[in-house]
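See below for the structure under consideration.
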Amino acid sequence: MIGYVTIGVSDMAKAKAFYSELLADLDAKVLLDMGRIAFIGKSMGSPMLAVCEPFNKEPNNPGNGNMVAIHPGSKEAVDSHYHKAIELGATCDGEPGQRIPNQFYGAYVKDPDGNKLAFFHFG
């Protein structure tokens, strides 16, 4: 269904380092680097996250209401990824916690460019 999600960034080297380190324990890495865009994931046949400098050469702008949600596999992994993101330079946009009783556990950060990420676990 989803092939990849793209987010705009201002510094490709910083973005690739941030996401490669953040998602390394999910077996994700830079799979394809084309200069102004890089695809990060497990394989080209699995959903990926792409970071790119905007094609129109205008400044990147995080969209209000746009968010990339990452499922690391457990509540403990949500906590771990949230704290790792903060250590890597992200800012808190919602500490880890149960959002919907017995259904949705989540944590929210904004990456160094202001793009919103969610780490979540259902159940």
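So for region 25-43 (the condition being more than 26 Å from G123 (Cβ to Cβ), part of a strand (DSSP E or B), in contact with an Asp or Glu (Cβ under 8 Å, 6 or more places away or on another chain) and of a type in the set (V, I, T)), does at least one residue qualify? Checked region 25-43: at least one residue is more than 26 Å from G123 (Cβ to Cβ), part of a strand (DSSP E or B), in contact with an Asp or Glu (Cβ under 8 Å, 6 or more places away or on another chain) and of a type in the set (V, I, T).
Filtering G35, G65, G123 for residues that are closer than 21 Å to A17 by Cβ, loosely packed, with under 12 Cβ neighbours inside 10 Å and of a type outside the set (A, V, I, L, M, F, W, C) leaves a single hit, G35. Being more than 23 Å from I2 (Cα to Cα) and either in a loop (DSSP other than H, G, I, E, B) or among the hydroxyl-bearing types (S, T, Y) (or both) holds for only one residue in P59, P54, and it is P59.
Determine whether region 93-109 contains at least one residue that is part of a loop (DSSP other than H, G, I, E, B), touching a helix residue (DSSP H, G or I) at 6+ places or on another chain (Cβ under 6 Å) and modelled with pLDDT of 95 or more. No, region 93-109 contains no residue that is part of a loop (DSSP other than H, G, I, E, B), touching a helix residue (DSSP H, G or I) at 6+ places or on another chain (Cβ under 6 Å) and modelled with pLDDT of 95 or more. Inspection of region 76-88 finds a residue satisfying the criterion of being under 19 Å from M12 (Cα atoms), in a loop (DSSP other than H, G, I, E, B) and under 15 Å from the mean Cα position of the chain (by Cα).
The values are calculated or read from the model by the stated rules, or taken from the named source; none is laboratory data. Please read all numbers here as calculations on a predicted model, not as lab measurements. We place every Cβ from the backbone using ideal geometry, glycine too, and count neighbours over all the protein chains shown.
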